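Just so you know, all these numbers are worked out from the coordinates, no wet-lab data involved. None of the values given here were measured: they were computed from a predicted structure. Using ideal geometry, Cβ is built from the backbone for each residue, glycine included, and neighbour counts are taken over all protein chains shown.
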Amino acid sequence: MSMKFVIKNSLRKTKSFLRRAFASKEIWRPLLEADSVRWSEAKIRAKGGAKVLMATSLGGYDNGTILESSLAVSLTLRGAEVHVLLCDKALPACQMAKLSKIEPCRFASQGPADICDSCINSGTAIYEPLGLPIHTYSQHLGLPEMGFAHSVAQTISIDKIGSYLFEGLAVGEHAQAGALRYFARGDLNGEPNAEIILRRYLDASLRTVFTVRALLRQQRFDVVCFHHGIYVPQGLIGEVCRQEGVRVVNSNPAYRKQTFIFSHDDTYHHTMIGEPTSVWEYIPWTQEQVKRTMDYLKSRWYGTNDWIWFHVRPLQDIESIQKATGVDFSRDTVCLLTSVMWDAQLHYSSNAFGSMLEWVHTTIDHYARRPQTQLVIRVHPAEVSGAVPSRQLMVDEIARRFPVLPANVFVIGPESDISTYALAERCRATLIYNTKTGIELAAQGIPVVVAGEAWIRGKGFSIDVVDKADYGRLLDTLPTERMLPADVERARKYAYHFFFRRMINLPFISSPAKFEFEIDVKSLSDLGPGVHKGLDVVCDGILKGTSFVQDE
């Protein structure tokens, strides 16, 4: 990499950061000053209304503050009394800590101190102009609680942290997920500072529990809203709310441009799995919806309608793919799609394997004994092009276990421009652990075997694995025929539900660059009732508990 490129890239990132920081500080103040009377009256009317806590916590997490400050304004205009929760340097570890921002030795010795000032300043700058009550962690966290959290974090056996429960709360699970996210790995093996940093996340998790519990008991909120619903501190906020009997609403950016996915009670990583099929299987189904669904799924090959994508020019020509990989698609071929190993490391009772890596190894072992069928492993491109590039690469893990691959097993690395969709189309079946791509492939009529917690599990059109023995028996039946027409229709109906009904359009939030968001609101009226259908659906869901489904 040339120094010229490094400087240019650094300048681009600096300009992008300054632009976003400026936008965050200025977006609400001029808007509210231009309509100060209406805003003041709205806040007065909201007193005594439904009490909502925007538990943003991480003021420097722009994707959270952009959406949640917009919702704070929108809900106030609808008569809700909105409060805000921000961390004020109270946590010794959190989701804001990335290895690219704080190297492990420094993080282990002093925590996230390097980014704390900018985080609290950013959150305060965007929320203070609203004039809504702002609560901080330190206001609700006493010395005895901090001492207890530190003591537990330092004395518990390292191998018990992941399963550690505090008064029935899965504190250890979220602490471990936070540490894995920081290291961008599926495990912490070989990381010199891993134990110290994991203990920091456990300390932070317990502090979050004490903070949120005290605030909820003092204020008695009707509903608490925040992004993700996992990691630290968001995962613990949700744990405490559920235990205290306070409704939870979680959110996350969705795939389609200007859309978000919302869920009641828990992170969408969990709720989408347990969502009743009755929510979508009986919706009216027309040829227009079929066309819209399939047109959109085709657009995902290129990412033209999405604000989350991984390839600019995907390689789709099958002859070129064969030449690049050595795969002979005239033979029976099965495709395996991986996910990023560190992402959303939560416990799911439906998993047939202890980890995705164990599943991959087991699958290779199986096809090593079946040379007549080819296995093509497509490693997820987000390993190298995601917001948090992985430091534990699937290619390396496979090579460690299989220095020489069986002749019928092929691995396509994350950096490859080979289209996952074009590849899967030429295979007789696809094996997945938890990738959402399974939704799209099933809608194309490609049989999908689910070994993990993918959202299509239990929806009636995938082949769901129960345990390891069941998985082996299923693999013995592959390759199989294409899906039955009735199952394909069911898969397409679910794809429509997922991509068009669950992904709620909020057109006043745009993305000028990948993984960045901005607010485009010209007046308070833009966020009032009846202007944006998607916003009405979201606000009704928050205030009334109605479903987060946008029927168009």
Cα gyration tensor, segment 83-227 - rounded (a/c under 1.5), prolate or oblate: oblate
Charge-dipole axis of the chain as Lys and Arg at +1 and Asp and Glu at -1 on Cβ define it, positive-most pick from Thr477, Ser69, Tyr164: Ser69
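Give me the net charge for the shell around Leu99: Cβ to Cβ below 11 angstrom, other residues only, Lys and Arg +1, Asp and Glu -1. Kindly include the intermediate steps, with their values, before the conclusion.
Numbers: positive: Lys98, Lys101, Arg106, Arg181, Arg185, Arg391; negative: Glu103, Glu191.
Residues near Leu99 contribute +4 overall.
For segment 391-488, what class follows from the C-alpha gyration tensor (a ≥ b ≥ c being the square roots of its eigenvalues): rounded when a/c is under 1.5, otherwise prolate if a/b is larger than b/c, else oblate?
Numbers: a/c = 1.73, a/b = 1.46, b/c = 1.18.
Since a/c reaches 1.5 and a/b is larger than b/c, the shape of segment 391-488 is classed as prolate.
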Highest-first arrangement of 401-407, 206-212, where packing means the average Cβ count within 10 Å: 206-212, 401-407
P(r) histogram, all alpha-carbon pairs of segment 248-323 included - 10 Å bins from 0, percent: 15, 29, 37, 15, 4, 0
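May I ask what percent, to the nearest 5, of DSSP beta bridges between residues of the chain are antiparallel?
Working: 12 of 47 bridges.
Of all bridge pairs located within the chain, approximately 25 percent are antiparallel.
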Separation of alpha-carbon centers, segment 109-134 and segment 370-401, rounded to whole Å: 38
Distance between modelled label sites at Lys298 and Lys544, nm, 7 Å Cα→Cβ extension: 3.8
Helix axis angle, 533-544 relative to the chain longest principal axis, alpha carbon, degrees: 70
Value of Rg/Rh across the chain [Cα atoms, Kirkwood radius]: 0.97
Farthest toward positive dipole pole in the chain [+1 Lys/Arg, -1 Asp/Glu at C-beta], among Ser278, Gly111, Tyr433: Gly111
Rounded to whole Å, sorted largest first: equivalent-ellipsoid semi-axes of segment 285-501, Cα gyration tensor: 25, 20, 18
In segment 321-406, the chymotrypsin sites (Phe, Trp or Tyr not before Pro) that fall in loop regions by DSSP, at most 15 other Cβ within 10 Å: Tyr348
Farthest toward positive dipole pole in the chain [+1 Lys/Arg, -1 Asp/Glu at C-beta], among Thr259, Val404, Ile27: Ile27
Under Karplus coefficients 6.51, -1.76 and 1.60, residue-wise ³J(HN,Hα) of segment 281-297 in Hz, glycine/proline x: 6, 10, 5, x, 10, 10, 5, 5, 5, 4, 4, 4, 5, 5, 4, 5, 4
Solitary cysteines of the chain, where the nearest other Cys Cβ is not under 4.7 Å: Cys87, Cys94, Cys105, Cys116, Cys119, Cys225, Cys241, Cys539
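How long is the gain from Thr477 to Lys98 if the chain were fully straight, where each residue apart is worth 0.36 nm and the alpha carbon distance is subtracted?
132.1 nm is the gain from fully extending Thr477 to Lys98.
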Degrees between helix 143-155 axis and first principal axis of the chain (Cα, 0 to 90, nearest 10): 20
Dipole magnitude of the chain, debye to nearest 20 (Cβ charges: Lys/Arg +1, Asp/Glu -1, about Cα centre): 820
Helix 468-477 vs. the chain, principal-axis angle (Cα, 0 to 90°, nearest 10): 50
